[in-house]
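Below is one structure, written out as C-alpha cells; the observations come after it.
Nothing in this text is a laboratory measurement; each read-out follows from the coordinates by a stated rule. This one's a predicted model, so the numbers in the text were calculated from it and none came from an experiment. Virtual Cβ from ideal backbone geometry, glycine too; neighbours counted across all protein chains shown.
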Amino acid sequence: MPGRRMGWRVGRPRKPRIVRFDISGKITWVPLVNGLPAQKSPPIILEPDEFEAYRLVYGHGLTQEEAAVKMGISRGTLWRLLVSARRKIGYALENLAPLIIEPKTETP
C-alpha cells in the first residue's frame, strides 16, 4: 500500500499498561514428565500484561473492574488480556509446552 511503512501501527497508539509484578529476567516454566523435561510442543510466550491481568484476577481475587483500574486500562482490554492468557496457559498445560514470561522491551 502506498504511504504505509512496514511496522507502523494503524489506529490509536497503544495505551501504557501498569505491570507491578517485577519481571527482571525471563521466567520459564517447563513441564516435567517422570522428572524429565517434556519436549512435546514449542514454547508459548505469555506477555507481561497478560500475566499481570491473570495474576490480579485469579491470584489476588480482584474483580475485572478493580484489576483494570490497577493496570490503568479499560475493563474490555483487561478481559481480552485474560482471554489470551487463559488460552495460552490452557494450551501449554494440555500440550506440555514450556511457558515463557519475558520482560517487555521498550521500542523507540
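What ranking do LEU96, LEU82 get, fewest neighbouring Cβ atoms within 10 angstrom at the top? Don't skip to the answer; put the middle values down first.
Values: LEU96 15, LEU82 18.
With the fewest neighbours first, LEU96, LEU82 line up as LEU96, LEU82.
Along the charge dipole of the range 40-101, pointing to its positive end and built from +1/-1 on Cβ of Lys, Arg, Asp and Glu, which listed residue (LEU96, ILE44, SER74) has its Cα farthest out?
Projecting each Cα onto the dipole axis, the largest value belongs to LEU96.
What's the ranking of 28-35, 53-60, 84-91 by average number of surrounding C-beta atoms within 10 Å, highest first? Display every interim value, and only then the final one.
Details: 28-35: 10.8, 53-60: 18.0, 84-91: 15.6.
The densest-packed peptide leads the list: 53-60, 84-91, 28-35.
Send over the Kirkwood Rh of the range 40-101, from the inverse of the averaged 1/r over different Cα pairs, rounded to one decimal Å.
This gives a value of 11.8 Å.
In nm, to one decimal, how far is the ILE27 label point from the ARG80 one, both placed 7 Å along Cα→Cβ?
It is 2.3 nm.
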